[in-house]
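Nothing in this text is a laboratory measurement; each read-out follows from the coordinates by a stated rule. Only a predicted model underlies this, so the values are computations on that prediction, with no experimental measurement involved. Positions of Cβ are generated from backbone atoms using ideal geometry, with glycine treated the same way; all protein chains shown enter the neighbour counts.
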Amino acid sequence: MASRTPSKGNVAKQVHLDPQLTLDSATGALAAYADFDRKPVILPKGYTYKGRFTGWDRIFHVTGEKERFGLVLQSSAEPSTYMVAFRGTDSTLDGYEDLWATTVPFVPYQDDGRFPNNAEVASGFDSIYRDIGDAMTQPMQAQVFALLDQQDPSPKVVLICGHSLGSSLANLFALDAAVSRPQWTVVSTTFASPRTGKAVWKKVYNTQYKLLDTTFRIANHWDIVPYLPPHTVLDYEHIGQQFLVSFYVKDAIIPHYLSRHSMLNYQTVIGHAVANTPQVWVGEFPDAKNLRWTMRSTQPPSVEGAEWSRLLGSHELAKR
């Protein structure tokens, strides 16, 4: 695995990530995937399992399915610190939700009387978070709050993480927690997050409830998901502070979207990057999706290009 650390002068300035928090958040997101897949779950070191929660995945407003969506964990070192980990896209129904681009007003679990009625979010993400179906007695929203409210000691710090679709669910819960449980300190670390809501949502999230400084959104420059739903067409906005990485399949003429989006590949790149000063890693590693392919991690660009260029092309084509 070849690697080197670029010089400070060549790196765009961006937010500094807490290494341990970032690595724990990556492990938490992967643990949520493993729980959904009924595979052995590896928890972040020093955390214990406290419960899981489910969500309703609807399709075409006709049918749907109850699915596992995440875990609540407790820190052994700091028992009043809890982690809520959301899994990302891992089923056909999830794919439908990801592409659903109509909006609805977000409704917090417990309104504090200050929450506006026009903070619009993507209806697909919102429906997983707030709808019920089958034998479900509570939506995901109520399940997560119930799990945390019953813990001893009561939460003081709630760490939230997720990948892909799970990042948007994490975004919804982070703001919900700030509104409904103002006594909690909320810290969110997400990977490959789509845009979750529109301009009012962004203002409410970043400014009104002061989550900008505790929300860290890690995005691969070559991953299409962080550029959806489109800002230029549908006016969706990102929240929090972006931390940009850049990785892709080496020497590929066609784009390999799954490899650019893989949470395992994100974990590899960010695991190296946070150990460096500055927090950038330039190197190569085996692709988690196809071990015959080599991934290349590069210095992220200092200025972002047009978002549609990454939706359509490969790194090799973009260089020409």
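A few points about this structure:
- Positive-end residue of 138, 159, 104, charge dipole of the chain with Cβ unit charges: 159
- When the chain is described by a simple charge dipole with +1 on each Lys and Arg Cβ and -1 on each Asp and Glu Cβ, the residue from 259, 298, 69 located farthest towards its positive end is 298.
- Here's the list of lysines a cross-link from residue 50 could span, going by alpha-carbon distance under 24 Å and ignoring same-chain residues fewer than 8 apart: 39, 66, 156.
- Additional length obtainable on full extension of the chain from residue 149 to residue 34, 0.36 nm per residue less Cα span: 38.9 nm
- The residue among 285, 192, 228 whose Cα reaches farthest toward the positive pole of the charge dipole of the chain, with charges on the beta-carbon of Lys, Arg, Asp and Glu, is 285.
- Taking 227, 82, 257 in turn, the Gaussian network model of the chain (Cα-Cα springs below 10 Å) assigns the largest fluctuation to 257.
- Lysines whose Cα lies under 23 Å from that of residue 202, excluding same-chain neighbours fewer than 8 positions away: 13, 210
- Ranking of 16, 163 by neighbouring Cβ atoms within 10 Å, starting from the fewest: 16, 163.
- Using Cβ point charges alone (K and R +1, D and E -1), the dipole size of the chain about the Cα centre works out to roughly 840 debye.
- Phi-derived couplings, Karplus 6.51 cos²θ - 1.76 cosθ + 1.60 at θ = phi - 60°, listed residue by residue for region 67-80: 9, 5, 10, x, 10, 10, 10, 10, 6, 6, 6, 10, x, 8 Hz, with x used for Gly and Pro.
- Residue among 78, 120, 67 with the largest mean-square fluctuation in a Gaussian network model of the chain, springs linking Cα atoms under 10 Å: 78
- Among 187-200, 43-56, 282-295, 237-250, the order from most to least packed when residues are scored by Cβ within 10 Å on average: 187-200, 237-250, 43-56, 282-295
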